[in-house]
Amino acid sequence: MVNSNIQAAEENLIHVYNRFPIALDHGEGMYLYDTEGREYLDFAAGFAVVGLGYNCRELNDALKAQIDRLYHTSNLYYHESCGEAAQELNRISGMDRVFFTNSGGEANEGALKAARRYAYTKQTGRYEFIAMENSFHGRTFGAVSVTGHEEYREPFEPLVPGVRFAKFNDLDSVKALVNEKTCAIILEPLQGEGGINLATPEFMEGIRKICDENGILMICDEVQCGMGRTGSMFAWQKFGVKPDIMTMAKAIGNGIPVGAFAMTEEVAQFSLKPGDHGATYGGNPLACTAVKKVIEIFEREDIVGHVNKVAPYLTKRLDEIVEEFDCVTERKGTGLMQGLAFAPSKPVAEVNSRAVEEGLLVIQALQNVIRFVPPLIVEEKHIDEMIEKLRKILSE
Ligand SMILES: Cc1ncc(COP(=O)(O)O)c(C=O)c1O
């Protein structure tokens, strides 16, 4: 029997997602359940969003209480938690000023505008962006303009002008693009959609140096790799270099649609002014309650410490898969954002579909990588369960 939900979706939604033929009903911890009652071990976390796992009671209760009091008001007024949520984000990120958005794409959109506004105030004549090949920053016009995948950009050209793409982890290719018009360099410290590529310390340090020497702003996109996933609250913190602007979303709200861009006071002084930017829903009471509660739980439960404890086990078990199966060529990434690269003989789309049939959710990245981005509460027993399912699929 065709699920009526699936049928209605197929008949009524614009077809931009190739969905798997299951309809999800509820979740608990590391597991999701579909409308037929089947269980799925989730190593996808709704695209690295649900860091605290499903049905986190404390978060649910805080959100429910907020819904009963006030879940929206405009940014013409203050509300109880907008200041505190921003304060908490600044505290954990080391930034000074935050703007709340509803998504990661919008956060990047705002970051790019903020960088242009900085150059405009300073009258530097700078407006160009350097972005990375294989990067992914979202689907809005600005964000897609700096996304390093031709196929995502081409159908929508002409895009935002003045974007040039350098090779990730190749400082010379960045240096070759820098000129007196360069306004900002944007990068993910750990590329997600681009196939799980981790920046080298030399690259991150080198970008910082190029920016400092040339009056360019460094923007880190932490939408996917931020919020504990790599074993520090934000991935750039591991490298000992601080961006001027950073963007975040996904796990900061554990699934409540909220994102943010944040900047240092130095940038803020010369950047967005009243009337330059806005978002009707941005940082509404529900979103800010989510951010505040998520950070509170993260710190109390030492989620980052847990990631550092459990991630080496994921690494070890994935390395075993590389050893065991010829079709798996490489393990990539770090922390709880890792991937396996496959030889062309093993189409990853098929592996992914078989995983769903086996009750395992993972995510494809590019044509040849399977991504593992579980809720950050994952334990060794879940990793063992995932590996057993994967071994079964790869043995076929
Ligand atoms: C690194 C990165 N930036 C930006 C985005 C876009 O975020 P959103 O889909 O919330 O607009 C994503 C989404 O996957 C992402 O991984």
> DSSP beta bridges in the chain, what fraction antiparallel, as a percent rounded to 5?
Replying inline: 65 percent
> Quick one: accessible area per residue over the chain, 1.4 Å probe, rounded to a whole number of Å²?
Replying inline: 45 Å²
>> Could you compute the net charge surrounding TRP236? Neighbours are other residues with a C-beta less than 13 Å from the C-beta of TRP236; K and R count +1, D and E count -1.
In response: -1
> Normalised by the number of residues in the range 226-295, what is the relative contact order in percent for Cα pairs under 8 Å and 6+ residues apart?
Replying inline: 27 percent
> Quick one: if the Förster radius is 30 Å, what FRET efficiency do PHE156 and ARG57 give, using the C-beta to C-beta distance and rounding to 0.05?
Replying inline: 0.10
> Which loop GluC sites (Glu not before Pro) in the range 293-350, with loop taken from DSSP, have no more than 16 other Cβ atoms within 10 angstrom of their Cβ?
Replying inline: GLU301
>> Would you report the distance distribution of C-alpha pairs in the chain as whole percents per 10 angstrom bin, up to the bin with the largest distance?
In response: 5, 22, 32, 27, 12, 2, 0
> Roughly speaking, what is the stretch gain from ASN18 to LEU177, that is 0.36 nm per residue apart minus the C-alpha to C-alpha distance, in nm to one decimal?
Replying inline: 53.6 nm
> Can you give the Kirkwood hydrodynamic radius for the range 342-384, in Å, rounded to one decimal and based on Cα pairs?
Replying inline: 11.3 Å
> What's the carbon and sulfur percent of the chain's accessible surface, probe 1.4 angstrom, rounded to a whole number?
Replying inline: 51 percent
>> Quick check on my link table: of LYS181/LYS242; LYS167/LYS238; LYS316/LYS381, which ones sit more than 19 Å apart, alpha carbon to alpha carbon?
In response: LYS181/LYS242; LYS167/LYS238
>> Helix check for the chain. Which DSSP H runs span at least 30 Å along their own axis by Cα, with a mean Kyte-Doolittle hydropathy no less than 1.0?
In response: none
> For the range 196-245, what is the charge dipole size about the Cα centre, in debye to the nearest 20, if Lys and Arg each add +1 at the Cβ and Asp and Glu each add -1 at the Cβ?
Replying inline: 180 debye
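The values are calculated or read from the model by the stated rules, or taken from the named source; none is laboratory data. A quick note: this is a predicted structure, and the numbers were derived from the prediction, not measured. We place every Cβ from the backbone using ideal geometry, glycine too, and count neighbours over all the protein chains shown. Side chains are part of the model used for accessible areas, which takes the heavy atoms of the whole protein and leaves out ligands, DNA and RNA. Shrake-Rupley method; radii C 1.70, N 1.55, O 1.52, S 1.80 Å.
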